[in-house]
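Working notes, structure below.
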Amino acid sequence: QVQLVESGGGLVQPGGSLRLSCAASGSIFSINSMGWYRQGPGKQRELVAVITSGGSTRVADSVKGRFTISRDNAKNTVSLQMNSLKPDDTAVYYCSAVVQVTIILPYQNYWGQGTQVTVSS
């Protein structure tokens with residue numbers, strides 16, 4: 001019913017930048033928060049950044065000052081601008097959205113398929 005499609009991953013050198021984008025589509029009545037999580041090799045999935053419909057953000061300490069999350073409520077999109085990338089940022093990045101498909105149903109969390117970000121020289 002709800003699809004999240006990510007784009008923008010790839011290979012970048014340390015110190016470089018990438019921009020991830022995610023578009024939500026399908027049966028959507030309302031979206032609460034949208035965000036990005038990542039899972040590095042041998043690690044658990046972790047929060048990177050989330051943003052509410054009102055624009056409030058929460059950013060992981062490990063990326064604060066380097067990554068910026070933004071959102072377009074009209075287009076149901078969320079983006080993650082990643083600057084000063086480090087090898088430790090290498091991971092699969094997943095888009096997440098908390099979506100209400102109809103007014104009578106509760107919000108549910110949906111995930112994208114993930115996009116690989118590799119930071120290496």
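Couple of notes before you dig in:
- The accessible surface of the chain, taken with every protein chain in place and a 1.4 Å probe, is 49 percent carbon and sulfur.
- Chymotrypsin sites (Phe, Trp or Tyr not before Pro) within the stretch 59-121, DSSP loop, no more than 16 other Cβ atoms inside 10 Å: Tyr107
- Inter-site label distance for Gln44 and Lys86 at 7 Å from Cα along Cβ, in nm: 2.0
- The stretch 24-71 - accessible surface per residue (Å², probe 1.4 Å): 54
- Centroid-to-centroid separation of the stretch 1-60 and the stretch 62-107 [C-alpha atoms, Å]: 3
- Sorted peptide list for 78-89, 22-33, 51-62, criterion being average Cβ within 10 angstrom, highest first: 78-89, 22-33, 51-62
The values are calculated or read from the model by the stated rules, or taken from the named source; none is laboratory data. This is a predicted model, so every value here is computed, not measured. All Cβ positions, glycine included, derive from the backbone under ideal geometry; neighbour counts span all protein chains shown. Ligands, DNA and RNA are excluded from the accessible area calculation, which covers all protein heavy atoms including side chains. Shrake-Rupley method; radii C 1.70, N 1.55, O 1.52, S 1.80 Å.
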